[in-house]
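Only one structure is covered here, and it is reproduced in the block below.
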Amino acid sequence: MFISETQIRVRYAETDQMGYVYYGNYATYFEVARVEALRALGFSYKKIEDSGVMLPVMNYSIDYLKPAYYDDLLVIKTTIRDLPSARIRFEYESYNESEVLINRASTTLVFIKKSTNRPCPAPEDFMKAISKYF
């Protein structure tokens, strides 16, 4: 299992009229956390894309438990519980500065060969890097 943590400060423009983080902004927060998790493994989306593989989102799910507010410093814990194959699933838990869990989410992405636009196995060098966590 692989786990990483990313901090994100809520900006004023990301809040709604009630002062809560607008629900649609969490997808962007999770994308940042996902990119940083891959970076912690020694990879970047760019490196994966440069190898001819794309990673579109196949599924996104979230449970909202508490709101986040302007200027909150959020910690997003990103977990990969299963060794990837042609798919990779990321699970997220977001915590506020008081360490209160505010939401849980997951995304499933598919490795797609750019030249064929068809699913493919995860790149070998990526699998080598992540395998040591399983």
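Read-outs: derived from the displayed coordinates by stated rules, not from any lab. Everything numeric in this text was worked out from a predicted model, so none of it was measured. Using ideal geometry, Cβ is built from the backbone for each residue, glycine included, and neighbour counts are taken over all protein chains shown.
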> Can you list residues whose amide H is under 5 Å from Asp72's amide H, if they're 5+ apart or on another chain and H is modeled 1.01 Å from N?
Replying inline: Val10
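FRET efficiency for Asp125 and Arg87, Cβ-Cβ distance as r, R0 = 22 Å, nearest 0.05?
So, using R0 = 22 Å, E works out to roughly 0.75.
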>> P(r) for the stretch 28-87, please, calculated from all Cα pair distances in 10 Å bins and given in %.
In response: 15, 49, 26, 10
> What percent do you get for the relative contact order of the chain when only Cα pairs under 8 Å and 6+ apart count?
Replying inline: 30
> Which residue, chosen from Ile62, Val75, Ala129, occupies the Cα position most advanced towards the positive end of the dipole of the stretch 2-131, where the dipole is computed from +1 (Lys, Arg) and -1 (Asp, Glu) charges on Cβ about the Cα centre?
Replying inline: Ala129
> In a Debye calculation with equal point scatterers on the alpha-carbon sites of the chain and no solvent, what is log10 I(q)/I(0) at q = 0.10, 0.11, 0.23 Å⁻¹?
Replying inline: -0.35, -0.42, -1.35
> Stretched out fully, how many nm does the piece from Glu99 to Tyr64 gain, at 0.36 nm a residue minus the Cα gap?
Replying inline: 11.1 nm
> Helix 25-40 versus the longest principal axis of the chain: what is the Cα-based angle in degrees, 0 to 90, to the nearest 10?
Replying inline: 50
